[in-house]
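Before any comments, here is the structure.
The values are calculated or read from the model by the stated rules, or taken from the named source; none is laboratory data. Small disclaimer: the values here were computed from a predicted structure and weren't measured. Heads up, the Cβs are rebuilt from the backbone with ideal geometry, glycines too, and the neighbour counts pull from every protein chain shown.
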Amino acid sequence: MSQVDFQEYCEQLVSFLQSAFAQKGKDIQTTVKANRIQLDIDTAVPLGLIINELVTNAYKYAFSDQDIGVIEIVLSRMDEGLSLDVRDNGKGMPEDFDLTKAKSLGMKLVQILSRQLKGKVNWANSGGAHFIIEFKESAARKISA
């Protein structure tokens, strides 16, 4: 179990979250696109925790005033690593939201886990909340440690 098929891992995680947060009368569709990227466990676990936090927040807050919504999770390769893109089409983050000053444990956890991956978090309100975490692959993280 040195490598994890991230598409499969993420689909299982999302399925669990959908079951846990399903609300009667709401139709929230979640898609995962990871192009069968294989990750080592040291990368898959922190990414899973980040996704858990962002998707949970979307289920809890993004769609409070709408019955239909979409959550999309995309993991893709870049020149110098990987990019995790988690977005929803809900109401977005509060206007005064500042990720660097977030007081919630969940948002702090997202930042800590991103740093653990030698990555950075960017976010925007763009038709809903949109988070992008760009990080180095495991071998590159070990070299720069």
Exercise for the section: Kindly establish whether GLY127 is in contact (Cβ under 8 Å) with a residue 24 or more places away in the chain and loosely packed, with under 13 Cβ neighbours inside 10 Å. Expected result: yes
Completion exercise
Reported set for the range 32-55 where residues are modelled with pLDDT of 95 or more and of a type in the set (Lys, Arg) is LYS33
Fill in the blank from the handout: Within the range 89-145, the residues that are of a type in the set (D, E, K, R) and closer than 29 Å to GLN66 by Cβ are LYS91, GLU95, ASP96, ASP98, LYS101, LYS103, LYS108
Problem - Positions within the range 18-51 being of a type in the set (A, V, I, L, M, F, W, C), crowded, with 18+ Cβ neighbours inside 10 Å and in a helix (DSSP H, G or I), in sequence order - result: ALA44, LEU47, ILE50, ILE51
Practice task
Output the residue which, of all residues in the range 61-118 that are among the basic types (Lys, Arg) and in contact (Cβ under 8 Å) with a residue 40 or more places away in the chain, is surrounded by the most Cβ atoms within 10 Å (Cβ to Cβ).
Solution key: ARG87
